[in-house]
Amino acid sequence: MKKKAILGIVFGNISCLLVLFIIVLHGIVRIPEIPYAEALLGEYYWAPAINFAAGKGFTDDRTYSEASPELAKFSRFCKMSRSKENKNGILTDKLKPYPSLHTYKDYTPKTHRLHLPDGNGYRLVVGILWKYFGYNWYYVGLLNYFFSLLALLSLLYCSYRVLGAPYSIAIGFIYATSLVETYYVANFGRDGTPLWFASYLICMLVLLFNRELTLKRLTNYALLIGVIIFLAIEGRSSSIYFLPIVSIIYFIMIYFFKNPKIRFTHFSFLNNYFIKQTFVFTYTCFLTIFTTFLLSKLMSYFIPEINSARPVSFMHVIFLGLGVWADPSTFGNPTTPGLLRYNDGFVTYLAMEFGRRALNYTNIDYASIYHRNSLAYLYYLIANKYPFFFFYKVVFESIFNTLVNLGEPIRYGVYKAHRYGKLFLYETRYLYKWKLIFILSFIGSLLLYYKFKLRKVLFILLTFIFFNAGMSFLQYGARHALMGHPAYYFLNAVTLGFIFDYIKGLDKQFVKELPFSLLTAIEVQKKAILARISFLKINWKFSIKHGLHAILILSILPTFFLVKRKLNSIEKANIKEMQLVFHSLNKTPLKVDLTKKGSNLPDALLSKSVGIYCTIGQVSKPKPIHAELHLNKKIFYKTNIKPVVGENVILFIPFFYPARNYQIVFHDPSRQCKSYYWSDLKDWKGPLWEGSYDQSKFER
């Protein structure tokens, strides 16, 4: 007994040391990045915090930039690019925690209005920090680090309560070493808010439903969850999605799991199973939603400038884009078309171009209060005219990519992480390219369901993951796919913790039997392995109870790939229809120098929808050809196409050419392309698809 107590103390101390190590590691990865932060959202976003700290109200008026030279110099940080590096690879203007700006020339704002009501609470906290500690951009990074640390502690605590110390340490290690999350700590706190507050909500929901429910317990947690969602919305408006997520979880937990401790003494008719569940569900949702909106009203009461903001701005933040593969740098200037990949509906401005070319729909304001001027209405027109194109290229691909690739975070600026850039490249190269995060999460889901019997916890995590993927077609991109990240971290930790626990058990058994012969030791090892996977043995009772669940869970991934395969076949049929028209178009030669990193595109292509053709000739053993479009050494479009087998094969890549200085790059190691051409696609009124086809079939 005494020996067990000593072992418990030792193990407890080791666990505490490991948790402390995780917290220190979390800081070591993030704090050194803060001095190299960039204010990526621009002065329009930070102006209310600057004014509030100066005692001028929470307004985005920028009079200070003219009347106060000190504040004008401070706010210049929002306007300049800080990515310029010297020969040592260190930013020339490094942020410091000191000295801060305390004295500046006074000024009087001309207006007291707020045009963008997004992130009000976040900017208010920044303004309070600047008011009492002086103007310093370093404090923004420290505030983000504080939110990140709270998220880490939340996941550590809830995983410890349901799985134990080894799994808690595993999730802490995964979170601490996430360089994707580190990027938002250093640069993009407003967009990191959904990730951090999703961690708080997962912790609260796991703690709530991991024990038997009582009305008192439900009341306390529902109110607390409402407060967390309010704070999340004050960080980024799109966090309002937490309300339907939490409501779905309430519904699953209350209707599909028994709650015997909830009994009504004075209103016995409520004890009827269905009536009781309905009342409890309605009561819990009401408390959470009421708390969220009550606090929002109180916020607008104490900060009246919020009431002056355009309502459309809030809706714009929630429904920004309505497209996929969106590049955030292209948003904000409706007169300048953006480009990442051109398949019409994929990027906001390319959808606009599609409206102009195919639907005669030119009047687009992506934050318009008028329905017929909005991008949403344009997407309605596209979906109505080309439903398959919209479903496949806009809805399905964004959901599939978010679910499997977590929105491909490598597309955004995380690789600029100053101290850990190479480590990030390795992380994305293997974790995201090989779908390891998704695969480990899938295994973790099975372990939670069958091994640990933590089905409530599993449903909570899966709700975050699937809802986040489901809404991705509305607001797509790596920074819009963060609500599901904590759930992925949790499930990955379950898998890694189980592997560690499994190996540790084998080692103990092997060392214990070491005095025996090698043959005996191997036999013992074999028995130990069989013993540790005994949970996979299925008896008849187990099969009847859980067989359908297993089929359902195991069929999710194959179903997605089967649907994608079917959609690909329909896409090929659409490509053939398009190519029949394109084959008859006039083609202009295009000079492409494969010996250089890029060939400049001619000005004749400016402001046009064009198709680039690569003629290959006879192909029997095709090899993939990689094409990229560059602007200022940045990749804006890339594709990988495998030529078809045929007698006279051609490769076709459509895109919109919005500005000068674009370069096209073909990676064709086998030198399959013989010549290059381009055609003006202005007369084509349908969707555009990239692909390869055999010209000889159209010549006959």
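When segment 662-700 is filtered for residues that are touching a Lys or Arg at 6+ places or on another chain (Cβ under 8 Å), among the aromatic types (Phe, Trp, Tyr) and at pLDDT below 85, the ones remaining, listed by number, are Trp684, Tyr693. Could you check, for segment 650-661, whether at least one of its residues is more than 35 Å from the chain's Cα centre (by Cα), surrounded by 13 or more Cβ atoms within 10 Å (Cβ to Cβ), at pLDDT 80 or above and in a loop (DSSP other than H, G, I, E, B)? Looking through segment 650-661, none of the residues is more than 35 Å from the chain's Cα centre (by Cα), surrounded by 13 or more Cβ atoms within 10 Å (Cβ to Cβ), at pLDDT 80 or above and in a loop (DSSP other than H, G, I, E, B). Only a single criterion out of (1) among the aliphatic types (A, V, I, L, M); (2) over 24 Å from the mean Cα position of the chain (by Cα); (3) farther than 27 Å from Asn259 by Cα is not satisfied by Leu163, namely (3).
Residues that are of a type in the set (D, E, K, R) and under 15 Å from Ala487 (Cβ atoms) within segment 156-184 comprise just one, Glu181. Is segment 154-176 home to any residue that is open to solvent by 10 Å² or more (accessible area, probe 1.4 Å) and farther than 25 Å from Lys451 by Cβ? Within segment 154-176, none of the residues are open to solvent by 10 Å² or more (accessible area, probe 1.4 Å) and farther than 25 Å from Lys451 by Cβ. Would it be correct to say that Arg429 is modelled with pLDDT under 80 and in contact with a helix residue (DSSP H, G or I) (Cβ under 7 Å, 6 or more places away or on another chain)? Answer is no for this residue.
Specify the residue that is modelled with the highest pLDDT; the eligible residues are those in segment 231-267 that are over 30 Å from Lys453 (Cα atoms) and either surrounded by 22 or more Cβ atoms within 10 Å (Cβ to Cβ) or of a type in the set (D, E, K, R) (or both).
Filtering segment 231-267 for residues that are over 30 Å from Lys453 (Cα atoms) and either surrounded by 22 or more Cβ atoms within 10 Å (Cβ to Cβ) or of a type in the set (D, E, K, R) (or both), the one modelled with the highest pLDDT comes out as Ala232.
Within the option set Thr219, Thr193, being touching a residue at least 24 places away in the same chain (Cβ under 8 Å), under 22 Å from Tyr283 (Cβ atoms) and either of a type in the set (Ser, Thr, Tyr) or not in a helix (DSSP H, G or I) (or both) holds for one residue only, Thr219. When Leu536, Leu514, Leu496 are screened for being at pLDDT 80 or above and aliphatic (A, V, I, L, M), only Leu496 passes. Based on what the data block shows, is Leu116 out of contact with any strand residue (DSSP E or B) (no Cβ under 9 Å at 6 or more places or on another chain), at pLDDT 90 or above and surrounded by fewer than 22 Cβ atoms within 10 Å (Cβ to Cβ)? For Leu116, the condition - out of contact with any strand residue (DSSP E or B) (no Cβ under 9 Å at 6 or more places or on another chain), at pLDDT 90 or above and surrounded by fewer than 22 Cβ atoms within 10 Å (Cβ to Cβ) - is not met. When segment 90-113 is filtered for residues that are of a type in the set (A, V, I, L, M) and at pLDDT 85 or above, only Leu101 remains. For Glu66, the criteria (1) at pLDDT 70 or above; (2) out of contact with any Phe, Trp or Tyr (no Cβ under 7 Å at 6 or more places or on another chain); (3) outside any helix (DSSP H, G or I) hold in every case but one, which is (3).
Of all residues in segment 177-194, those satisfying the criterion of being crowded, with 24+ Cβ neighbours inside 10 Å and aliphatic (A, V, I, L, M) are Val180, Val185, Ala186. Filter segment 124-142 for residues that are open to solvent by less than 20 Å² (accessible area, probe 1.4 Å) and under 27 Å from Ile171 (Cα atoms) and give the result. Those that are open to solvent by less than 20 Å² (accessible area, probe 1.4 Å) and under 27 Å from Ile171 (Cα atoms): Val140, Gly141.
Filtered by the rule that a residue be among the aliphatic types (A, V, I, L, M), open to solvent by less than 30 Å² (accessible area, probe 1.4 Å) and part of a helix (DSSP H, G or I), segment 196-216 gives Ala198, Leu201, Ile202, Leu205, Val206, Leu207, Leu208.
The values are calculated or read from the model by the stated rules, or taken from the named source; none is laboratory data. All values reported here derive from a predicted model rather than from experimental measurement. Every residue, glycine among them, receives a Cβ derived from its backbone with ideal geometry; neighbour counts consider all protein chains shown. Keep in mind that these areas ignore ligands, DNA and RNA; they rest on the heavy atoms of the full protein, side chains included. Shrake-Rupley method; radii C 1.70, N 1.55, O 1.52, S 1.80 Å.
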